[in-house]
1. Test of the criteria: in region 217-252, which GluC sites (Glu not before Pro) are in a DSSP loop and have at most 11 other Cβ atoms within 10 angstrom of their Cβ?
2. Divide, for the chain, the radius of gyration over alpha carbons by 2.2 N^0.38 Å, where N is the residue count.
3. Taking each pair of different alpha-carbon atoms in region 145-282 once, compute 1/r for the pair, average those values, and report the inverse of that mean as the Kirkwood hydrodynamic radius in Å to one decimal.
4. Once the Cα atoms of helix 199-230 and of the chain are each reduced to a long axis, what angle between those two axes, in degrees from 0 to 90 to the nearest 10, is obtained?
5. Restricting to Cα pairs below 8 Å that are 6+ residues apart, what does the relative contact order work out to for the chain? Please round to a whole percent.
6. Running a GNM on the chain with Cα contacts under 10 Å, which residue among TYR427, TYR356, TYR293 ends up with the highest mean-square fluctuation?
7. Nearest 10 degrees is fine. How inclined is helix 320-365 to the longest principal axis of the chain, computing both from alpha carbons?
8. Using the Kirkwood formula on the Cα atoms of region 379-426, what hydrodynamic radius do you get, in angstrom to one decimal?
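No lab work stands behind these numbers, since they all come straight from the coordinates. In this text, all values refer to a predicted model and were calculated from it rather than measured experimentally. Note: ideal-geometry Cβ built from the backbone for every residue, glycine included; neighbour counts use all protein chains shown.
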Amino acid sequence: MKRSRRFIPVRSLRVAFCIALLMDCVGVSGADHTASRSGHSVGLSFGRAIELALQQAPSLRAEIARQEAANHAAGPAASLPDPKLILGVDNVPIEGDERFSLDSERMTMQRIGISQQFPNGAKRQARDMAAQSQVSLAAAQTQVTRLQVLRDVSSAWIARKTLERQLAKVDALKRENALFDQAVKARVAGGEARTSDVISPRVEAAEIDALQDDLLAKHQLALASLARWIGEEARSPLIGEAPLWPISSDIALHSLAHHPELEVADRKVDFFSAQVREADAAKRPDWGVTVAYLKRGDEFSDMASLQFNMDLPLFGGSRQGPRASAARSERVAVEAERDALRREHEAMLVADLAEYHRLEKSMQRQRDVMLPLASEKVDLLMAAWRGNKATLSEVISARREKITAQMKEIEIAGAFHQRAARLHFTYDHEDGERAEGVTP
């Protein structure tokens, strides 16, 4: 009867331990039950995080303001200069009894007129081109910042999601460890194991606690990173999953030519090309006209005057020429920077695609090979340990390997989703609205 009373608890603990392992395999956790009961009625989805970031990101608001400023400045860029009002007096005597008199001398006249300057057409056209290139440059820079915000907030959301998956796994590991600890104690009490074996589950529990502490610290950093973009709502419970965008190497390579950062470089080239044209146009003369009405004394007739003036760019070699040369040098520098940027992005794209495919294969291998093997090794050693054919240290070592494999699988999956988001928001941007097309 005493032997029977010892046997029943051990068997019950083994069943409970197997049930816990089964629940772990199918991914059941306390967090999952809580989310299920809540019905995902509240929380922060991936799409909602994207929406909030695009609304709140200060850097994006700044670029939008600069774009509006460029649009406002482009309107009057090619306009004529404001006319000038002319008021004055001519031929006022300054000597004799009638000095400073305005009506005693027939030559004295009060002048009122207007003057208008007319820059040459090439210069006005170049100024308009420069203004339009500034508008395009601001729009391209806004798109660069927008995609940067999308990349960063998506990476922060996925990082937090990954860490919370790992923390949920730690909770399941703690439950397994508690059952394992009870099973070891029962075997020791039944004389089926050494007394020192009771230490091993406690060591494993301490290691799990250390892992949890490390993950919690990283989780705080992930929360801070997400809060940078969306504020206090970053602390809301996460719901749903990040989209898994199909990444095509051909589409990414095709989109590279239209990458917003390269568009920025192209618009800078356009701007300095307009500067070169304006500097060349400065070698052509501008002209102006002045019309005036001259009022004399009552006994004298009034007069009118018409005057034309024209610039004389006689010193182009020392004035306009150096300005044009400087603008050309700036354009050459920007063109070289654009070529260097294109090569850098080509190399980055190749590296990103290679890493994406590596992570994809690694994730699949971890799920299909490494995790099943680690679980199988634990099961085999557990069975051998129960039959006194394996030591508890071997079981603990196998369990440690399984924990490492589980954490690594989640980590690789998170890195894979982050890389996919990076590629999507960097290169698959022909339809600008698809980035926000995720259902919140």
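1. Passing sites in region 217-252 are GLU241.
2. Taking the Cα Rg and dividing by 2.2 N^0.38 Å, one obtains 1.76.
3. 20.4
4. 20
5. 24
6. Maximum fluctuation in the GNM of the chain, among the listed residues, is at TYR293.
7. Approximately 10 degrees, to the nearest ten.
8. Averaging 1/r across every pair of different Cα atoms and inverting gives 12.9 Å.
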